[in-house]
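Working notes, structure below.
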Amino acid sequence: MNAKSYPLPTSVVTSLLFIASALLCWIFADLSIVTRTPWQEFFRMAAGVFSPQWLPWPELLSALAKTLAFGLLAVALSALVGFLLCLYFHKRGVKLFCASIRAVHELFWGLLFIQLLGLHPAAGLLAIAIPYSGIFAKVFAEIIEESETESASSLPPASDKVSQFFYEKWPRIKAHFASYTLYRLECGLRSSTVLGFIGLPTLGFHLESGFMQGNYGLVTAMLIMLYVLIASIRVWARFRLMPLYAGVAAFYLWAPLNIDSTLVLSLVHDMSPLPLRNTQTEWWPWFSNLSSTQIFPGALNTLLITQIALVLTGVFSLISFPLLSKQFFPRPTRSLSHLLMVMLRSTPEIILAFVFLLLWGPSMLPAVLALAIHNGAITSHLLARHSNELELRLDASRGINRYLYEVLPRIYGQFLAFLCYRWEVIMRETAIVGILGIHTLGFYIDSAFESFRLDVAVLLIAVSALMNICVDEVARRTRRRLHLVKQPLVRAC
Amino acid sequence: MNNQGSPKKLLSLADETIAYGSKVVLDEINLHLHDGERIVLLGKSGSGKSTLLKHLYQTLVNNDETIAWIPQRLGLTEKLSVFHNVFIGRLDQQSRFTNLRNLLWPAQEHRQAIHGILQELSLAEELFSPVGTLSGGQQQRVAAARALYRQASILLADEPATGLDQGSAKTLMTLIEKNFGSCVIALHDVDLAMSIADRIIGLRGGKIILDALAVDLSPEALAPIYHDANTAP
């Protein structure tokens, strides 16, 4: 008999490492159910779902229009800025700059700009447009990189750079840019909704008050509007029309901006670390106190939630994608599951987290589940699409055997690549659950803003940006180790 | 020979026509298969061999026969090891638990069984290599190993000797002869065909133009399969 032992494939080893890290985090994480009567709240929610409560028309239309306008204008602006940035993405400084601005969640940018500008539309716009610019730059740069391998230059070698770009690269990548920009619209609408939770007059504003008052009918109505808005994108969204839409949105949102320069200056002053402003405060005690009470616990909780949510995202998508795949189920089942999945991934995590929080109380459980379900629904959809493209043999097995031996091995690399991309996204999104009171870095940042300790807020934002950049780097290395260097075709937000 | 007396009839096709849209790929096929027959399908590419094989596969499976199948496009799971790809041959004959367990960690008994088959095909060294890293000829032998491992009595194979050198092709034919009671194999190599077949079916343009016992056939009798009778090709 051969003495050969079975070498575990790299992808399996990687998965085991992921699972082990999540289990380790599980030990330290608080995943308890705190509320005594979760069912009571559940029935109230269910009652709300069946009796949506609509706002008066003017208010409803205004919330809809503002959600749309913020999303559209911010995406258009950031696509433009991202395009310009991507041309210089090979420069290390630009790359790092893009990584830092996208590492800070739009909620934090929002909190920052609301401090500086008040509840002016510009605050909301910048909050979305800044991180999105960083994301656009990265994705556009990747699209260009992928297209470059396709053919060698056929233009006269002395042509200037601008002509080279528009005559050679642009025609090849335009379609990809356009489809990604339109795709990003969906994310933009969700972000603009989420910013309502910190005061912007979008759908999220009413969602938050609905949750706060336990008015689940209002929540349901607002959610339905968001679904309709997102579903309508494919009807009206055209790349060519984006400048027109952005113009109309800008006109609609425009409001005179009176910047009180003394106020801004004093705020900027407040953002510099306390020991710098106040000679009575020593550097080390200030920093060590902050570290032990906020930075360290915040970072640790962020990491715990991220790792557990990441693995649960994977588990959720591996279990659910067969429901969407033609390798396993007939059309009626697939259509029904598809509808459910679209709803799950269109629902902003903050809503899911809020619902779970009300059901189970403030532990990490709501955060982890909200992140896992939202992201899992996205990954599941991508996996199903990928599996639909497989051509199996006439004698391919069925059911669980087909899943294990035919489909899973063929899509597993892609699956890990998707997960690596979700890693950074999930960590960014822990910010959201922070403002709901779960003690991630987002929570401490939110509290620092509330108590006007802007220097602490800025420091914590920097820490969370640093963590994001680290996770991004680890994910990149993991992908390289698994030879999954290429970006998956669909880039989800 | 075990088709003396009155062997069981496996399948009968009467005036069967298969068309994709307006394109007729199999034209009024009449064919009877009996248990114990070793049939080789000969014909140029595009003559309908693959379509006929697929049709035979479907019909036999509908009749609840267990079939070993080697398609032209092998359809192996490239990320999985040779062991797993061969193991797939018997997934439907084992419990889900066994299948799941062996996906994660191959059990000793299955390793031995599959190692034995691979030895006969000179592939034992590659037991745990991912199939995607093997050469075309090696992959062809993996597909054959899967068919052998399946332990079916009937084999349907579409060009199973593609990419194999003469020696390996001969070995494969011997293994097929030894392991399967009946088989239908599409081949393009006439010598190889004559070495295994006891019945030859010639296809041309979707029609059966020859159906005879191999012993009765001379090389000239096979010519119409490949060349036009009167005009130069």
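The values are calculated or read from the model by the stated rules, or taken from the named source; none is laboratory data. The model shown is predicted, which means the values in this text are computed figures rather than measured ones. Neighbour counts run over all protein chains shown; Cβ positions are idealised from the backbone, glycine included. With ligands, DNA and RNA removed, areas are computed over all heavy atoms of the protein, side chains included. Shrake-Rupley method; radii C 1.70, N 1.55, O 1.52, S 1.80 Å.
Evaluated at q = 0.11, 0.12, 0.18 Å⁻¹, a Debye calculation over the C-alpha positions of segment B:74-233 (equal weights, vacuum) places log10 I(q)/I(0) at -0.52, -0.60, -1.07. Taking the average, over residues, of other Cβ atoms within 10 Å as the packing measure, peptides B:179-191, B:118-130, B:92-104 rank B:179-191, B:118-130, B:92-104 from highest down. Taking the inverse of the mean 1/r over every pair of distinct Cα atoms in segment B:71-152 gives a Kirkwood hydrodynamic radius of 12.5 Å.
Peptide A:399-411 shows a mean partner chain C-beta count of 5 within 10 Å per residue C-beta. Farthest toward the positive end of the dipole of segment B:71-152, out of B:L127, B:A113, B:P71, is the Cα of B:P71, where the dipole comes from beta carbon charges about the Cα centre.
Taking all protein chains together and rolling a 1.4 Å probe, A:Y252 ends up with roughly 100 Å² accessible.
Using the eigenvalues of the Cα gyration tensor, what equivalent ellipsoid semi-axes result for segment A:365-493 when each is taken as the square root of five times the eigenvalue, whole Å, largest first?
38, 16, 9
For the peptide B:127-133, the mean number of other protein chain Cβ atoms found within 10 angstrom of a residue's Cβ is 2.
For segment B:20-123, the C-alpha radius of gyration sits at 1.38 times the compact-globule guess of 2.2 N^0.38 Å, with N the residue count. Relative to the Cα centre, the charge distribution of the protein assembly as shown, modelled as +1 at Lys and Arg Cβ and -1 at Asp and Glu Cβ, gives a dipole magnitude of about 640 debye.
With helices as the sole contributors, chain A gives -24000 deg cm²/dmol at 222 nm; each DSSP H run of n ≥ 4 counts as -39500 (n - 2.57), and the sum is divided by every residue.
As a calculated quantity, the FRET efficiency between A:N388 and A:D270 at R0 = 56 Å, using C-beta atoms, amounts to about 0.55. Surface analysis of segment B:71-152 yields an accessible area of 43 Å² per residue, using protein heavy atoms and a 1.4 Å probe. Each Cα pair under 8 Å and six or more residues apart adds its separation to the average, and for chain B the resulting relative contact order is 28 percent. Membrane-span-like helices in chain A: DSSP H runs reaching 27 Å or more (Cα, own axis), mean Kyte hydropathy at least 1.6? Helix filter hits for chain A: A:10-28, A:57-86, A:216-236, A:296-320.
Computed over segment A:243-323, the alpha-carbon pair-distance distribution with 10 angstrom bins reads 13, 17, 18, 23, 23, 6, 0, each value a whole percent. Distance distribution note for segment A:85-144: the fraction of Cα pairs above 12 angstrom is 63%.
The ratio of the alpha-carbon radius of gyration of segment A:52-259 to the globular-protein estimate 2.2 N^0.38 Å is 1.15.
Taking only the Cα atoms of the protein assembly as shown, the ratio Rg/Rh comes out at 1.08, with Rh defined as the Kirkwood radius. For B:N30, neighbours were defined as the other residues whose beta-carbon sits under 13 Å from its Cβ, and their charges (Lys and Arg +1, Asp and Glu -1) total -4.
The residue list A:W26, B:G89, A:F287 was ranked by how far each Cα lies along the charge dipole of the protein assembly as shown toward its positive end, using unit charges on Cβ atoms, and A:F287 comes out on top.
Between B:A157, B:A144, B:A113, the residue with the greatest mean-square fluctuation in the GNM of chain B (Cα pairs under 10 Å linked by springs) is B:A113.
The heavy atoms of A:H176 present about 90 square angstrom of accessible area, all protein chains included, probe 1.4 Å. Determine the distance separating the Cα centre of segment B:83-128 from the Cα centre of segment A:292-348; give it in Å without decimals. The distance from the Cα centre of segment B:83-128 to that of segment A:292-348 comes to 33 Å.
Probe radius 1.4 Å, ligands and nucleic acids left out: can you give me the accessible area buried at the A-B interface, summed over both chains, in Å² to the nearest hundred?
Details: alone 24490 and 12050 Å², together 34130 Å².
Chains A and B together bury approximately 2400 Å².
Shape analysis of segment A:166-289 places it in the oblate category; the axes a ≥ b ≥ c from the Cα gyration tensor give an a/c of at least 1.5, with a/b not above b/c. Over segment A:1-136, what number does the Rg to Rh ratio reach, with both radii from the alpha-carbon atoms and Rh per Kirkwood? Rg/Rh for segment A:1-136 comes to 1.18. Each of A:A141, A:A76, A:L107 was placed along the dipole of chain A (beta-carbon charges, centred on the mean Cα), and the one lying farthest toward the positive end is A:A141. Taking Lys and Arg as +1 and Asp and Glu as -1, the other residues whose beta-carbon sits under 12 Å from that of B:M194 total -2.
Relative to the Cα centre, the charge distribution of segment B:71-152, modelled as +1 at Lys and Arg Cβ and -1 at Asp and Glu Cβ, gives a dipole magnitude of about 260 debye. Determine the shape class of segment A:428-469: with a ≥ b ≥ c the square roots of the Cα gyration tensor eigenvalues, call it rounded for a/c under 1.5, and otherwise prolate if a/b is greater than b/c, oblate otherwise. Because a/c hits 1.5 or more and a/b fails to exceed b/c, segment A:428-469 counts as oblate.
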